[in-house]
1. Please turn the phi angles of region B:337-347 into ³J(HN,Hα) values with the Karplus equation 6.51 cos²θ - 1.76 cosθ + 1.60 (θ = phi - 60°), one per residue in order, whole Hz, x for glycine and proline.
2. Cα centroid distance between region A:84-102 and region B:295-350, in Å?
3. If the only charges are +1 at each Lys and Arg Cβ and -1 at each Asp and Glu Cβ, what is the size of the charge dipole of region B:183-282 around the Cα centre, to the nearest 20 debye?
4. Tell me the volume per residue, in Å³, of the convex hull enclosing the alpha carbons of region B:189-280.
5. For region A:22-102, which chymotrypsin sites (Phe, Trp or Tyr not before Pro) are in a loop by DSSP, counting at most 10 other Cβ atoms within 10 Å?
6. If amide hydrogens are placed 1.01 Å from N in the peptide plane, which non-local residues have theirs closer than 5 Å to the one on B:V54?
7. Would you mind calculating the relative contact order of region B:252-386 from Cα pairs under 8 angstrom and at least 6 residues apart, reporting the percent as a whole number?
8. With springs only between Cα atoms under 10 Å apart, run a GNM on chain A and tell me which of A:S18, A:S62, A:S29 wobbles the most.
Amino acid sequence: MRKTAKEINERITWQDISIGAEIIEPATSKLVNTGDWRVNMPVFKEENCRQCMLCVPYCPDSSIPVKDGKRLDFDFMHCKGCGICARVCPFDAIEMVKEEKK
Amino acid sequence: MSIRDRMSGNEAVAYAMKQVIPDVMGAFPITPSTEIPQYFSDYIANGEVDTEFVAVESEHSAMSVCMGASAAGARAVTATSSAGLAYMWELLYVVSSARLPVTMAVVNRALTGPININNDHSDSMGARDSGWIQIYAETNQEVYDNFIQGIVIAEKCRLPVMICQDGFITSHGVSNIELVEDDKVSKFVGEYAPENYLLKHENPLAVGPYGVSPYYMEVKRQQAQAMKDSMPVIKQTAEKFCEMTDRDYGFFEEYMMDDADVALVVIGSSAGTAKEAVDRLRAENKKVGMIKLRVFRPFPRIPLSRAMCKVKAVAIMDKAESFSNSGGPLFNEARNSLYDLSGKPYAINYIYGLGGRDITVEDFYDIFQDLYVIYYTDDPGDVYRYVGVRDSRFPDAVDLGRENDNDI
């Protein structure tokens with residue numbers, strides 16, 4: 001049986017891993033938490049946001065989800081805290097703060 | 001009806017490539033394999049084949065082209081020798097671990113130091129642990145036949161294959177050959193139809209992902225299994241090929257082994273010379289035999305050890321040094337395969353033919369004579385020897401293994 005990316009984890013045996021470790025479906029990075037090494041994090045100040053959408057294409061990690069023409073809060077599973085969004089925001093709607101790890 | 005022709009080994013491989021209709025060839029010229037892409041380019045220029053030929057700037061790029069093409073879903077081939085193969089090193093492992101069925105014609109040539117363009121097996125023997133199947137040929141006919149079979153084996157096993165022949169000896173030596181008709185070859189190799197490939201738009205795919213330590217070992221174990229599982233595929237492919245051509249291939253060929261006292265194990269074109277020595281000694285009623293190893297990767301450990309057990313002493317011939325101070329690569333694996341068997345023969349090693357050094361019927365005579373010394377005295381002496389090298393201790397150029405300077 002072909003395993004999906006969700007089923008390929010650190011308990012998989014050599015018999016079950018996909019041939020040549022191929023990943024046989026698209027967009028599987030959505031499943032992987034790559035935001036855990038962030039040092040600074042962006043805070044979305046919705047009251048200042050005019051929905052100009054400048055931050056969205058600037059984000060190198062596609063971590064600003066957009067729904068029905070409006071940007072939502074950050075996708076912290078993938079945001080690396082680079083701060084580009086805060087730098088390009090003309091309306092002071094994004095603030096970078098030091099992330100307190102729990 | 002098959003087609004009778006005369007061809008060099010290089011032309012025979014290029015002809016086989018034309019008949020299997022690869023989608024992509026990425027290649028860079030290097031002696032003595034240069035003629036393969038050259039002949040193949042002629043076929044393209046003449047409109048005989050519609051392969052995409054990518055003229056790259058190095059062998060590293062040649063193998064990268066094959067890798068990308070194969071991952072994209074194309075049948076990819078290339079050819080190289082010596083330093084060219086060495087320059088592909090990184091990609092050899094990438095291709096095999098991504099399980100891409102690239103088929104490569106290797107025209108064996110010594111690796112430099114000192115620089116040399118002639119034949120030995122140091123290039124492909126160095127790549128023996130790269131996860132590629134390796135099939136060696138004695139003659140032009142064999143390299144042609146092996147290449148056609150190689151395509152099938154590669155694609156069935158999802159493993160890359162090296163089809164090896166001896167540089168200049170068969171690559172440039174012209175001899176009679178029986179070619180299979182185009183339509184029969186097409187039918188034999190079929191269309192390359194991988195289940196998943198990069199250009200399959202309805203099912204996007206990632207090839208060659210980062211394999212962190214929790215995954216790397218599982219991938220390697222799976223590769224090792226694929227190598228093991230390729231054994232029956234190699235056998236079945238040879239049987240199917242035999243049905244088509246009446247030419248019979250196994251993991252190795254046994255020559256006069258059934259009643260032999262002593263025997264040689266040889267890879268490649270030197271087997272022809274060895275057969276002549278066997279024939280002459282047989283005419284003198286000496287019971288000598290020979291095993292010509294065709295498939296070195298995967299190593300046919302069990303059948304080969306059984307074949308070697310038919311004799312009392314065996315000389316394992318290595319056309320490559322491994323500087324291990326314990327013999328060449330074939331010796332170490334062949335001798336290792338005997339370890340668990342009772343009634344195993346004495347096994348000695350000869351390093352021969354490095355950098356194109358000729359090996360003669362007389363050399364094989366001397367080796368057989370030496371094997372008979374062991375046969376009668378039960379004393380193998382030093383098992384790690386050279387033949388055909390000038391040695392001030394042995395003015396007749398035969399190391400009988402009696403001067404053991406190795407006992408430290």
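1. Karplus-based 3J(HN,Hα) across region B:337-347 equals 5, 8, 3, 7, 9, 8, x, 6, x, 5, 10 Hz.
2. So the separation of the two Cα centres works out to 67 Å.
3. Values: 12 positive and 17 negative charges, 85 e Å.
Computed about the Cα centre, the dipole is about 400 debye.
4. 197
5. Working: sites: A:W37, A:F44, A:Y58, A:F74, A:F76, A:F91; in loops: A:W37, A:F74, A:F76, A:F91.
The qualifying sites are A:W37.
6. B:M25, B:G26, B:A27
7. Working: 240 pairs, mean separation 37.6, N = 135.
Relative contact order comes out at 28 percent.
8. Largest GNM mean-square fluctuation: A:S18.
FYI, it's all coordinate maths here, none of it is from the lab. Keep in mind it's a predicted model, so treat the numbers as computed, not measured. Don't worry about glycine lacking a Cβ; one is built from the backbone with ideal geometry, like all the others, and counts go over all protein chains shown.
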